[in-house]
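Structure record follows, encoded as structure tokens.
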Amino acid sequence: MLQINPNITNFSDLSFIFRFLPIFLIAYYVLPSRLRPLILLVGSLAFYAIGDLNSLVIFVAAVVVNLIFSYKCQAHSKVSFTIIAAFDVILLLSFKFLSGYGRIPSLPLGISFFTFKMISYQADIYSGKIKKCPGVIAVAAYFSMFPQLMSGPIMRYSDYENNRILSGTEDRFLVFKDRLPIYLDKLEEGLVYFTLGFAMKAFIADYLAAMWNDIGTIGYESISTPLAWAGVVCYSLNLYFDFWGYSLMAAGIGVMLGFPFVKNFDHPYMAKTVGEFYRRWHVTLGMWFRDYVYIPMGGSRTSKAKTIRNLCVVWALTGLWHGVTPNFIIWAGLLLVMIIMEKFIWASHEKLLSVIGRIHVLIFIPITWVIFALPVKEDLLNYLGRLFPFFGAGVSVNAGDYIKLLSTYYPFLGAGLILLLPGIYTYFVRHRKDWLPRALVLILFWICAAFVSTKAGNPFMYVNF
Amino acid sequence: MGILVVALLLTIDSALGRNSTYEEIEYNASDAPLMSLTLRNIMEGGKPYFVELLSGKTGGNAQNDTLGNSEDNAQNSDATDEAARKSVDENASGDSESNEVSAGDANQEVSSGDGFGVSQGDAGDGLGVSDGNAVFGSEVSQGNAGDGGSADAEVSEGNATEPETNNYVMAAVPDTYFDDALFIGDSRTVGLFEYCENLNQHATFYSKVSMTIYGFNKKEFVSVPIIPAEGTDIPVEQLPTEKVTIEEALTRKQFGKIYIMLGLNELGSGTAESFTRSYGEVVNRIRELQPDAIIIIQGIMHVTHSKSSKDRVFKNSTINERNAMLSTLADGEHVFYIDMNEATDDENGALGHDLSFDNVHLKAKSYTLWYDYLKNHAFVKEKDLEENNLLLQQETEQRAAENAAAAENAQ
């Protein structure tokens, strides 16, 4: 029997790109258009089953329970909405705690993302934003759609609905000859985003992950201080391009299926304050917290004290969402402090804010990523000790280690730093229909494929959250 | 559209070339699409089947082949070596069950491209970074004049008159024992050099990331002074250097002890027998080139239990099998076998989990375990034992004094 490679669920693995995706796309576009939601649902469930068969039961149960409750929410039953929201939150939290304290080896695939989609759907239908339950298959396909199953982006139902291919309204009455250009246009546009994300993952993130791994191999207690700082840059860029790359690939696949492009990153390191950084970083998560937590609690429209309270709640939840180990709480706490200071202390001096805000974004945020990266207390203390060596010397430190690692990885760090600036990415997106960027993207795609062909599929980092 | 066309071309190319150009690449249909054959071949410096077919028709096949080889010397020069590397890659791409494993392998992939070495504080405290393939501790020949040198002189005298005095016994030794020692190895030995100051101030290292026993006379990475033309009179230190193989380097300079630890990168290729045979050939060749040196074969260091239980290739059972075979190469006279795993094993007979981050290499602070093992399991000539013990005692006293002074300073 032919074994199915579990890497097929990894967007940057060749078996996903050349096996799962083409087979799915052919089924999606060639079979009758009214079957599309069903194909999306079946394909996504198959995708989930390959990725994490053991958790399929949990996922399907969550989908079914949410579907049942969605009809109650449609009737604006406050009790039902409270119950189902609590159900989703408890489901997510209990698995977070189980895996955070090592009771289960890993989280069920995508649980952090699909539960959030479910809550947003229930809230939208309860508040009447979604007028009427759109049908079991359509909603189940929305919860499970494979491009966003693993690590988001957390797309809203309104965007899902806004897909004229999926609903068939765009091409239902066209003959095949006229349909084909529409399909190819969607596919090519999606592939541009997909390839840009693929390149970030294959050329930058994977190599920086290797560098971060090399730093761990030395041991955090034995790295030199310059290497510790290089490591801060390395991990920050690694996380950024891994997740941005993933988001672009996921959104690109979405575009291929006719969905609108979902923006998840907007050059966060160009931000002037921490608050702005997190409006540009993992945008769909930030918007989710804004729309379903912060604003319902009153946002910043009421008193100062209430604003601070609301911010505290949002950031406590953001920390918990990433993980229940103390490092995530510290990470979120530091960000909260910076945001509150920006909002209430520095904001009165415009010049001061512009300087301090940049320092926050370019120096303090990278340091917070290290806290984010190291859940084990000893590792974190060792790392911080090397970062700020006045706490004492390290153990068997080779003072030249950073030269060795930088001489291997400088092209990838350099490329990452250049791509922090918006120029290149914006050029490709703005001119994505011209022939030159398309030709470049084609070449880029095959170079990435060749690179990826020689190595193991490196999973995306946000799969762990 | 373009992507579709190219994908089709590549798949046809892979399908047609599967039994000819790509036959050396192991392929497992469940791991990757067929076209990955062509892509991987290109990445490894080869040419796609079609290109080869075309150039074959125009009659330039043989010529093109040599061209291809010279473009990518390190990779194509040795079929066995290449096969070894490929199977490691293959393992990496197939190894999908465990995330940490694939991360580690990807890392190996990166570093194997160009092994960089930092050579630190050999002559003084200055930082020297040798780019490319590093050879470490080239200054040792000068430092040699001390104890090591005089001991050597005695040996040759002894050899002439009464050869039976060459009985070696295992003993603990001082750091200076390693003044005329050479370490040959892969990335793990590179780590020993980088993170064991007490050793790298004394010994010489011919070690390189992803080194294998097959690379002994193939990989040119040891930088040595060039051989000056007859009659020129330039001091050795001022000569330009060149990159040569370990075999060539061993013809230029003599050592007293040669330590080898190789075999991890070879685990995926050949059998224990074929590996030991190749290893034995290398040992014999070193004996020819360095008749006065003793050779210490180090058993391959284990990997951690979690790696061993998940990985298809890097298994401690395979390592143990090969170590057992390697130990038979020792003759107890000139060639010895030691197994440093005693110093780093946990209760599973695997590399201790806390000692390693990537499950294969020691952490920086763990290298002292290896070095202490080497210091306590060295081979000393019976007649030199007394002198050795004296030196060791001096070193111990000196260390104690230094520590006491440091403690006093701290207060």
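The values are calculated or read from the model by the stated rules, or taken from the named source; none is laboratory data. Everything numeric here is computed off the predicted structure, so don't read it as measured data. Methodologically, a virtual Cβ is constructed for each residue, glycine included, from the backbone with ideal geometry; neighbour enumeration extends over all protein chains shown.
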Search result, residues across segment B:369-381 that are crowded, with 19+ Cβ neighbours inside 10 Å and within 14 Å of another protein chain (Cβ to nearest Cβ): B:Trp370, B:Tyr371
Close pairs from segment A:74-103: first outside any helix (DSSP H, G or I), partner not aromatic (Phe, Trp, Tyr), Cβ under 7 Å, at least 6 apart: none
Inter-residue pairs, beta-carbon under 9 Å, first more than 8 Å from chain A (Cβ to nearest Cβ) and in segment B:355-368, second of a type in the set (Phe, Trp, Tyr), 6+ apart: B:Asn359/B:Phe314; B:Val360/B:Phe314; B:Leu362/B:Tyr195; B:Leu362/B:Trp370
Candidates A:Ser120, A:Ser15, A:Ser44, A:Ser112 - the one that is part of a helix (DSSP H, G or I), buried (at least 20 other Cβ atoms within 10 Å of the Cβ), under 23 Å from the mean Cα position of the chain (by Cα) and within 13 Å of chain B (Cβ to nearest Cβ): A:Ser15
Hits in segment A:360-375 (condition: surrounded by fewer than 20 Cβ atoms within 10 Å (Cβ to Cβ) and closer than 13 Å to A:Pro268 by Cα): A:Leu362
Subset of segment A:368-405 (residues that are within 10 Å of chain B (Cβ to nearest Cβ), part of a helix (DSSP H, G or I) and farther than 30 Å from A:Thr318 by Cα): A:Asp401, A:Tyr402, A:Ile403, A:Lys404, A:Leu405
Residue selected from segment A:14-46 under the condition modelled with pLDDT under 90 and charged (D, E, K, R), by the criterion farthest from A:Ala202 (Cα to Cα): A:Arg34
Unmet requirement for A:Tyr409, which otherwise passes all of (1) in a loop (DSSP other than H, G, I, E, B); (2) on the phi < 0 side of the Ramachandran plot: (1)
Some residue of segment A:154-173 being closer than 26 Å to A:Val60 by Cα, part of a helix (DSSP H, G or I) and touching a residue at least 60 places away in the same chain (Cβ under 8 Å): yes
Number of the exception - B:Gln201 against (1) more than 14 Å from chain A (Cβ to nearest Cβ); (2) in contact (Cβ under 8 Å) with a residue 24 or more places away in the chain: (1)
Test: residue in segment A:20-28 that is surrounded by 20 or more Cβ atoms within 10 Å (Cβ to Cβ), within 14 Å of another protein chain (Cβ to nearest Cβ) and either touching a residue at least 24 places away in the same chain (Cβ under 8 Å) or within 24 Å of A:Trp446 (Cα to Cα) (or both): yes
Number of positions in segment B:166-198 that are part of a helix (DSSP H, G or I), farther than 19 Å from B:Leu391 by Cβ and more than 14 Å from chain A (Cβ to nearest Cβ): 2
